[in-house]
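Below you'll find the structure, written out as structure tokens, and then a few comments.
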Amino acid sequence: MKDDVIKIRGAKVHNLKNIDVDIPRNKLVVITGISGSGKSSLAFDTLYAEGQRRYVESLSAYARQFLGVMDKPDAEKIEGISPAISIDQRKAAHNPRS
């Protein structure tokens, strides 16, 4: 396995029909396509879901008991992906003291 690509084989999540894709690591990657083509399914339901699952697996058994079991995305193989978390961008609550 090379460290310069994320390999996805046989992804079958939502609109993805058994696709294979290699995504370069450490690069800006843009996923484009028409509405309903599976962009979000690839980015969030496959890539991010697997990265999040791997992050949860890296936690202690004690911490995992509070998070529940995370299912693997429907794909034959996903290689080269690192554990991932997401951070929402939100406005901070207004505080008159700050």
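Criterion first (of a type outside the set (Ser, Thr, Tyr), in a helix (DSSP H, G or I) and under 14 Å from Glu76 (Cα atoms)) does Leu16 satisfy it? Judged against the criteria, Leu16 is not a match.
Among residues of the stretch 9-30 being hydrophobic (A, V, I, L, M, F, W, C) and in contact with a Gly (Cβ under 9 Å, 6 or more places away or on another chain), the one that is nearest to Ile85 (Cα to Cα) is Ile23. Restrict the check to the stretch 24-39 and report whether at least one residue is farther than 17 Å from Lys12 by Cα, surrounded by fewer than 15 Cβ atoms within 10 Å (Cβ to Cβ) and at pLDDT below 90. Taking every residue of the stretch 24-39 in turn, none turns out to be farther than 17 Å from Lys12 by Cα, surrounded by fewer than 15 Cβ atoms within 10 Å (Cβ to Cβ) and at pLDDT below 90.
For the residues Ala49, Ala63, the requirement of being surrounded by fewer than 14 Cβ atoms within 10 Å (Cβ to Cβ) and part of a helix (DSSP H, G or I) singles out Ala63. Residues in the stretch 75-90 that are among the charged types (D, E, K, R) and part of a strand (DSSP E or B) were compared, and the one that is surrounded by the fewest Cβ atoms within 10 Å (Cβ to Cβ) is Lys77.
For the stretch 19-46, the set of residues classified as part of a loop (DSSP other than H, G, I, E, B) and either under 16 Å from Ile78 (Cα atoms) or not hydrophobic (A, V, I, L, M, F, W, C) (or both) consists of Arg25, Asn26, Lys27, Thr32, Gly33, Ser35, Gly36, Ser37, Gly38, listed by residue number. When the stretch 48-94 is limited to residues that are hydrophobic (A, V, I, L, M, F, W, C) and touching a residue at least 60 places away in the same chain (Cβ under 8 Å), the one that is farthest from Val21 (Cα to Cα) turns out to be Ile81.
The values are calculated or read from the model by the stated rules, or taken from the named source; none is laboratory data. If you're wondering where the values come from, they're calculated on a predicted model, not measured in any experiment. Cβ coordinates were reconstructed from backbone atoms using ideal geometry, including for glycine residues, and neighbour counts include every protein chain displayed.
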